[in-house]
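Since the structure comes first, as structure tokens, the remarks are kept for the end.
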Amino acid sequence: MTAQDSPAPLIPVETIRKALLGYRVLAWVTGIWLIALCYEMVMKYGFGDDSLGWIAVVHGWVYFVYLLFTANLAVKVRWPIAKTVGVLLAGTIPLVGIVVEHIQTQKIKEQFGIDTEPESRAHDSA
């Protein structure tokens, strides 16, 4: 389904673009902090070094914000609940959240005809 085939979205495309950008940023930040959390777990349980315990706290808060941004996007693009839960859970597995972000971003851009850059910036560079 392309932008020409789909009915006009109920939400303005610019609003979807902003929600998508927030989701993308938080998916990457969550993914990076999840990798850091894995490192912290190896250090803690493998080497008895508990000095990096703060990473778990930071990751927990970052993941919470990721949940909010993902839910915001899901409502705006009208994802079914099962897909929303799947994308939310993707942020709990190292690197999977980043892969899912890439796939979902491509689908949303195609579905809503979203360019990489907002129109105002695209015209400024021309």
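The values are calculated or read from the model by the stated rules, or taken from the named source; none is laboratory data. Everything quoted here is computed from the prediction, not taken from an experiment. Counting neighbours? That spans all protein chains shown, and the Cβs are built from the backbone with ideal geometry, glycine included.
Yes or no: segment 41-48 includes at least one residue that is surrounded by 13 or more Cβ atoms within 10 Å (Cβ to Cβ), farther than 30 Å from W79 by Cα and among the basic types (K, R). Scanning segment 41-48, I find at least one residue that is surrounded by 13 or more Cβ atoms within 10 Å (Cβ to Cβ), farther than 30 Å from W79 by Cα and among the basic types (K, R), so the answer is yes. Given the condition surrounded by fewer than 19 Cβ atoms within 10 Å (Cβ to Cβ), at pLDDT below 95 and among the β-branched types (V, I, T), answer yes or no: does some residue in segment 13-21 qualify? Looking through segment 13-21, at least one residue is surrounded by fewer than 19 Cβ atoms within 10 Å (Cβ to Cβ), at pLDDT below 95 and among the β-branched types (V, I, T).
The lone criterion from (1) without any contact (Cβ under 8 Å) to a residue 12 or more places away in the chain; (2) touching a Phe, Trp or Tyr at 6+ places or on another chain (Cβ under 6 Å) left unmet by H59 is number (1). A Cβ distance below 6 Å, combined with a sequence gap of six or more or placement on separate chains, defines the contacts here; from segment 74-85, residues that are within 18 Å of K18 (Cα to Cα) reach residues that are modelled with pLDDT of 95 or more and of a type outside the set (A, V, I, L, M) in the pairs A74/T84.
Within segment 23-39, the set of residues being within 16 Å of A71 (Cα to Cα) and in contact with a Leu (Cβ under 7 Å, 6 or more places away or on another chain) comprises just one member, Y23.
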